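Worksheet for the structure shown next.
Bear in mind that the values in this text are calculations on the coordinates, not laboratory data. Just so we're clear, the structure is a prediction, and the values are computed from it rather than from any experiment. No Cβ is skipped: glycine too gets one built from the backbone with ideal geometry, and neighbour counts run over all protein chains shown.
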Amino acid sequence: MAGDKYLTFNNGQKMPLIGVGTWQASDEEIETAIDAALEAGYRHIDTAPVYGNEPAIGRVLKRWLDAGKVKREELFIVTKLPPISNRPHEVEPTIKKSLADLQLDYVDLYLIHTPFTLNINEDGSFKVDAEGLLEVDPTTNHAATWVEMEKLVEKGLAKSIGVSNFSKDQVARLLNNCKIRPANNQIEHHVYLQQRDLVDFCKAENVSVTAYSPLGSKGIAAFNAGAGIVRDLPDLMDIPEVKEIAAAHGKSPAQVLLRWIIDTGLCAIPKSTNPARLKQNLDVFDFKLSDEEVAKLLALDKNIRVCDFAFFHGVERHPEFTFKNQYTK
Ligand code: A2P
């Protein structure tokens, strides 16, 4: 039943419950992966300028749209205002650049990517201070940025607008200062980082939640290593309770992790560039977890944050930074 595969926003727009995540995939990888994802039936694609793959995704979308293999209204494309572009005057030119790269007239959902802002040099490189730390822009004003986000809806450049990586306080502040309520908050969410307080608050306020890194983002290790950061991250697909539930349903641990997110009322955007795993991650609509199984997974929460933005050395000095975790003081 189609209704089972979509979540409805506070403005009536429908978002497919499973989308394909695209962080940490090279240009070549992503063209093949997006092609395979569309073939597998994905219609929800999540990207961002900071992933560096919008032009590649745009090329695939254009091929599919031009060939009539998919209609624009069947697609749900999400992209984001990057951390270097949170100043109000940067909002419209930045979405226009994304739209040009994606070869689209509008996106379905446009998110403020992070609550913090970083400064860049004229050549686009990050500004670094004398200590080698990234220079933050402490003047970030979410309400002022949001006024410009709202204009994107009025101009037809984005169907819906939302935020990403926002804390409960940050969402609450925005709700008190907006004309258009955020439709979505995209956050790290999986069995080991459930952020129940934030999720329950968003749900109560009718702000839908998308779970990024729903499988624990194994790929982040390489990204962290590139920034000189070593983390001993858990393998969510190896948790005994997850494996036990998977065996009971004849499904994989990844499918159980995703179904749990859907069964608790959220969307998920698992990343994969592997055609078989892409298929597997979308094949989660023919089973459901029992209340007991959902509860068993809810009890696993350990507050283990995989994406703590430590790869942006110095970002923790920004007044809107809230990502302290088990590794940072
Ligand atoms: P790959 O792209 O090779 O499939 P997350 O979405 O939490 O960031 O997790 C993405 C990571 O999990 C990637 O390393 C991806 O690798 C891997 N992955 C994605 N789907 C599955 C799956 N069904 N089973 C095992 N690993 C998966």
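So how do I304, I45 line up by other beta-carbon neighbours within 10 Å, fewest first?
On the way: I304 20, I45 26.
Exposure proxy ranking, most exposed first: I304, I45.
For K218, K159, K324, what's the fewest-to-most ordering of other Cβ within 10 Å of each Cβ?
On the way: K218 15, K159 19, K324 11.
Neighbour counts put them in this order, fewest first: K324, K218, K159.
Mind putting a number on the dipole of the stretch 279-329 about its Cα centre? Charges go on the C-beta only, +1 for Lys and Arg and -1 for Asp and Glu, and I need it in Debye to the nearest 20.
340
If you take the square roots of the eigenvalues of the alpha-carbon gyration tensor of the chain and sort them as a ≥ b ≥ c, do you get rounded (a/c under 1.5), prolate (a/b over b/c) or oblate? Mind showing how you got there, number by number?
On the way: a/c = 1.39, a/b = 1.16, b/c = 1.20.
Note, shape of the chain comes out rounded.
Quick check: Cα centre of the stretch 62-100 to Cα centre of the stretch 220-296, how many Å?
28
Which order results if E188, E148, E154 are arranged by neighbouring Cβ count within 10 Å, fewest first?
Working: E188 22, E148 19, E154 10.
Ascending number of Cβ neighbours within 10 Å: E154, E148, E188.
What list of whole percents do you get for P(r) of the stretch 145-257, with Cα-Cα distances grouped in 5 Å bins up to the one holding the largest distance?
All Cα pairs considered, the percentages come to 2, 10, 16, 15, 15, 14, 12, 9, 4, 2.
Looking at the stretch 138-222, what % of its DSSP beta bridges pair antiparallel, to the nearest 5?
The antiparallel fraction comes to roughly 10 percent.
Charges on Cβ only, +1 for Lys and Arg, -1 for Asp and Glu, centred on the Cα centroid of the stretch 231-329; of V306, I239, I261, which one is farthest towards the dipole's positive end?
Sorting the options by dipole projection puts first V306.
Under 1.5 on a/c is rounded, so check that first for the stretch 1-94, then, if it is not, pick prolate when a/b is larger than b/c and oblate when it is not; a ≥ b ≥ c are the square roots of the alpha carbon gyration tensor eigenvalues. Please report the intermediate quantities before stating the final value.
Working: a/c = 1.82, a/b = 1.16, b/c = 1.57.
In terms of gyration-tensor shape, oblate.
Search the structure for amide H atoms under 5 Å from the amide H of V209, placed 1.01 Å from N in the peptide plane, and list their residues when 5 or more places away or on another chain.
Amide H neighbours of V209, under 5 Å, 5+ apart: N185, C267.
Using a ≥ b ≥ c from the Cα gyration tensor of the stretch 264-314 (square roots of the eigenvalues), is it rounded, prolate or oblate, where a/c under 1.5 gives rounded and otherwise the larger of a/b and b/c decides, a/b for prolate? Write out the running numbers ahead of the final one.
Details: a/c = 3.18, a/b = 1.25, b/c = 2.55.
Taking the square roots of the gyration eigenvalues as a ≥ b ≥ c, the stretch 264-314 is oblate.
With +1 on the Cβ of every Lys and Arg and -1 on the Cβ of every Asp and Glu, and nothing else charged, how large is the dipole of the chain about its Cα centre, in debye rounded to the nearest 20? All intermediate terms of the calculation are to be shown ahead of the outcome.
Numbers: 38 positive and 46 negative charges, 109 e Å.
The calculated dipole for the chain is roughly 520 debye.
Just want the answer: with Cβ charges of +1 for Lys and Arg and -1 for Asp and Glu, which residue in A100, V70, I84 is farthest toward the dipole's positive end in the stretch 65-108?
I84
Before rounding to the nearest 500, sum -39500 (n - 2.57) across all DSSP H runs of length at least 4 in the chain and divide by the residue total; then give [θ] at 222 nm in deg cm²/dmol. Display every interim value, and only then the final one.
On the way: 11 runs with 113 residues, N = 329.
Value at 222 nm, helices only, nearest 500: -10000 deg cm²/dmol.
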